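Enquirer: Have a look at this one.
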Amino acid sequence: MTYLTDVWGLSITKAADIVNIWNGIENLMQLVFAFLAEELMGKYLLLLLSSIAYSIFGIPALCTLLATLLFISGSRSYNTSREEKDKPLTDVIRVFVASASKIFQRLPDDHNQLYGTDDESAQNLPYTGLRFLDKAAIISTTKTKEEQEKNKWTLCSVKEVEAAKKLVRMAPICATFIICGVVISVGNTYYVVQANHLNRKLGRVTFPLSLFLAWMELSKMVNSKMYSLMQIGILKLYEMLPTKEIRKFVIFFLIAMTFWIHIYIGLSSITAAKVETRRLQTIRKHSLLDKPEERIPMSIFWLLPQFSLLGAGEAVYKCCIAQFIIYHLPLCMNEYWVFFHKGVMGLGTIGSVLSIYLAGKVSEIGGKPNWFQYTLNKSRLDHYYWTLAVLCAVNFALYGLAICFYELKALLNLDEPDKEVLIGEMLAEL
């Protein structure tokens, strides 16, 4: 961030956009490439190409070349036919395409007439809500069943439809996580610019700017460990309890812990706004408004609380997204949970670019100056931080509503066969 502003001479807004877009795409593309690898190449070919690439470009080329040869030697024993069947990400897209192609068809009164209901694995599925997606499993009367089965983009099984429904139901809470990511993204951009020209001395010792980023990382590590230990303790308590009715209250407490995201990042935004107001007052007092390269006579340690709070918030944020995705992702997509986790965070980081643009445009209403000027001294980051604090409060309410309509409803279905498995996997991942 400081390299883009100090060396390249970019404005703080453009520099922040570049950093956020880069970080966002880096996370989001992992999910995109997971889909492309599944649909176009398959896991085997992807691993093979990766091994060859490391053999050519890797530093320990001899070792990676040997590993590649050993990998290729097992090609004959690898079952690639299973890959052709197991494409859960593609199946979700197929459900939307198939249901859209049958949008004007009427669902049968008897749910058992849908495709795939005779499958033993589909017997215990909860067929509820989002009925428009059920149209993907309608067996057309104009063609034979065998003809329709050949075109997988027009006919899906009820099992595939229910997996797609689970992803759709996850969207509202994932949207609130994305908004949290918008707020958290200021840590690597505007917080760094704030600290860049403050007084870094404490006595005779001059502290580097990287120390504060390291402090934020330390805050992430400590809070992530604490939160994970609390999760493990609660989940172990869950396993010890005798009845499922009592277990529901334990999971509810685990869900309630996720509200700490909004508390941490909200307090960080408020703290950052107050510190920025003080920084601007110091600038005006010492006539530094048109001297962006001058050192500001204000200690950099004023920023320590906001870095600490944001680091704690980001730690809980990452743990909560993992907890939510691992618990609610369809069983057939369990191996992709890391990519969904990265994808949600990536969307939040990219969303911050849009939030800055919108905040800047709204601030110009009535002929007022844009909050984001070329230099930080002439900008009004304090106003933007207050906006983020309000956004946190609104998102807190929306998250609470989403929890009530989704999570609590899911608690009533803890006796579904896959719930016990997912809780065990969550405990293992932590």
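Enquirer: If you place +1 on the Cβ of every Lys and Arg, -1 on the Cβ of every Asp and Glu, and leave all else neutral, what size is the dipole of segment 165-221 about its Cα centre, to the nearest 20 Debye?
Expert: It comes to approximately 160 debye.
Enquirer: While we're here: So, in nm, how far is label E239 from label E293 when the simple model puts each one 7 Å beyond its Cα toward the Cβ?
Expert: Spacing of the two 7 Å Cα→Cβ label points: 6.1 nm.
Enquirer: Still on this structure: How large is ³J(HN,Hα) for each residue in segment 386-393, as worked out from phi by the Karplus curve 6.51 cos²θ - 1.76 cosθ + 1.60 (θ = phi - 60°), to whole Hz, x for Gly and Pro?
Expert: 5, 5, 5, 5, 5, 4, 4, 5
Enquirer: Give the value in nm², to one decimal: projected area of the alpha carbon convex hull of segment 154-242, averaged over all directions.
Expert: 11.3
Enquirer: Could I have the simple spin-label model distance between N334 and T142, label points 7 Å from Cα toward Cβ, reported in nm to one decimal?
Expert: For the pair N334/T142, the computed spacing is 4.1 nm.
Enquirer: Right, something else. Give the long-range amide H neighbours of S379: residues separated by 5 or more places, or on another chain, with amide H under 5 Å away, using H modelled in the peptide plane at 1.01 Å from N.
Expert: Hits under the 5 Å cutoff: Q373.
Enquirer: Still on this structure, please answer the following. Starting from the Cα-Cα distance between A393 and W8, subtract it from 0.36 nm times their residue separation and give me the gain in nm to one decimal.
Expert: Additional length available on full extension: 135.0 nm.
Enquirer: Once fully extended, how much extra length lies between V205 and E364, figured as 0.36 nm per residue of separation less the alpha-carbon to alpha-carbon distance?
Expert: So the extension gain works out to 53.0 nm.
Enquirer: Let me ask something else. In nm, give the distance between the simple-model label positions of H111 and L218, each being 7 Å from the Cα along the Cα-to-Cβ direction.
Expert: Here the answer is 5.5 nm between the modelled labels.
Enquirer: Would you kindly derive the ³J(HN,Hα) couplings of segment 373-385 from the backbone phi angles with the Karplus curve 6.51 cos²θ - 1.76 cosθ + 1.60 (θ = phi - 60°), listing them in order in whole Hz, with x for Gly and Pro?
Expert: Couplings: 8, 5, 10, 5, 4, 8, 7, 10, 5, 4, 5, 5, 5 Hz.
Enquirer: Let me ask you something else. How far, in nm, would the chain grow between T282 and F253 when pulled straight, counting 0.36 nm per residue and subtracting the alpha carbon separation?
Expert: Full extension of this stretch gives 5.9 nm more.
Enquirer: Could I ask something else about it? Quick one: plug the Kirkwood hydrodynamic radius of segment 192-238 (C-alpha pairs) into Stokes-Einstein at 4 °C, 1.567 mPa s, and report D in µm²/s. Before the final figure, lay out the partial values.
Expert: Details: Rh = 13.2 Å.
Taking Rh from Cα pairs, D becomes 98 µm²/s.
Enquirer: In addition: Can you compute the equivalent ellipsoid semi-axes for segment 346-391, i.e. the square root of 5 times each eigenvalue of the Cα gyration tensor, sorted largest first and rounded to whole Å?
Expert: Numbers: eigenvalues 69, 27, 24 Å².
Listed largest to smallest, the semi-axes of segment 346-391 are 19, 12, 11 Å.
Enquirer: Now, a different point. Okay, which of segment 290-331 sit inside 19 Å, backbone N to the point 7 Å along the Cα-Cβ direction of Y374?
Expert: 290-295
Enquirer: Scan around M298 for amide H atoms under 5 Å from its own, H built in the peptide plane at 1.01 Å from N, and keep only partners 5 or more places away or cross-chain.
Expert: Here N199 satisfy the definition.
Enquirer: Summing Lys, Arg as +1 and Asp, Glu as -1, what charge do residues with Cβ under 14 Å from the Cβ of K220 carry, K220 excluded?
Expert: Around K220, the surrounding residues sum to 0.
FYI, it's all coordinate maths here, none of it is from the lab. Since we're looking at a predicted model, the values are computed, not measured. Cβ: placed from backbone, ideal geometry, glycine included. Neighbour counts: every protein chain shown.
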